[in-house]
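The values are calculated or read from the model by the stated rules, or taken from the named source; none is laboratory data. Everything numeric here is computed off the predicted structure, so don't read it as measured data. With ideal geometry, Cβ positions are generated from the backbone for all residues, glycine too; neighbour counts draw on all protein chains shown. The accessibility values were calculated without ligands, DNA or RNA, using every heavy atom of the protein model including side chains. Shrake-Rupley method; radii C 1.70, N 1.55, O 1.52, S 1.80 Å.
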Amino acid sequence: MLSDLPEPPISPENLFACLDRLGIVTKTIRHQPLFTVQESQALRGEIPGGHVKNLFLKDKKGVLFLVVTLEDAVIDLKSLHRRLGATGRFSFASADQMRDILGVEPGSATPFAVANDRACRVTLVLDASLMEHSVINCHPLINTMTTSIGRDGLLRFLDAAEHPPRIVAVTGEAEPDSP
């Protein structure tokens, strides 16, 4: 549990201190602000491991999902709701919801942001293909840094943040629409 963290939104420094307390080893590099997958791909030679993209989505009933995949994953948003058992097709949640619930700005979404969701309003989904990587790279709540974390360390952090993820194959062949 992350009860010793300050009130949300927490800072990258608070995140790093929490990871240290949990005994989770990470490596972080600073860089220019990165807002898109395309911009971040310039760093690939410097940072090995799986690199993420994050989709902050809501279903027709307003249920929120943070879907984390490999950066080059092709996601069929028209059928993703069926894979995840959501109500109706997904749309993107608003920038205001991202700020209010995840405590991050657009372009800085990350699985670490669930530490700011103390009311557990967001369902975290990690793509199964992402979890095949032993090292996962994501922003530490801000898009001017990239943090490399071991897969098991990320899962331990998410459990401590009371957001155990659903690990689901969100890419690949979709189920056909029902008649």
How large a share of the accessible area of segment 49-124, in percent, is made up of carbon and sulfur atoms when the probe is 1.4 Å and the other protein chains stay in place?
49
Using a Debye calculation, one point per C-alpha and no hydration shell, please list log10 I(q)/I(0) for segment 83-175 at q = 0.15, 0.19 Å⁻¹ in order.
-0.63, -1.03
Under Stokes-Einstein, with the Kirkwood radius over Cα pairs standing in for Rh, what whole-number D in µm²/s applies to segment 60-122 at 20 °C and 1.002 mPa s?
170
In Å, the Kirkwood estimate of hydrodynamic radius for segment 122-169 over Cα pairs equals 11.3
Please report the antiparallel percentage of DSSP beta bridges with both residues in segment 37-143, rounded to the nearest 5.
55
So what is the calculated 222 nm ellipticity per residue for the chain, using -39500 (n - 2.57) for each DSSP H run with n of 4 or more, over all residues, to the nearest 500 deg cm²/dmol?
-5000 deg cm²/dmol
For the chain, what is the charge dipole size about the Cα centre, in debye to the nearest 20, if Lys and Arg each add +1 at the Cβ and Asp and Glu each add -1 at the Cβ?
260
Can you count the Lys pairs in the chain with C-alpha separation below 28 Å, eight or more apart or on different chains?
6
How large are Rg and Dmax for the chain when calculated on the C-alpha trace, in angstrom?
15.6, 52
Accessible area in square angstrom per residue, the chain, 1.4 angstrom probe:
49
Antiparallel DSSP bridges in the chain: what percent, to the nearest 5?
65
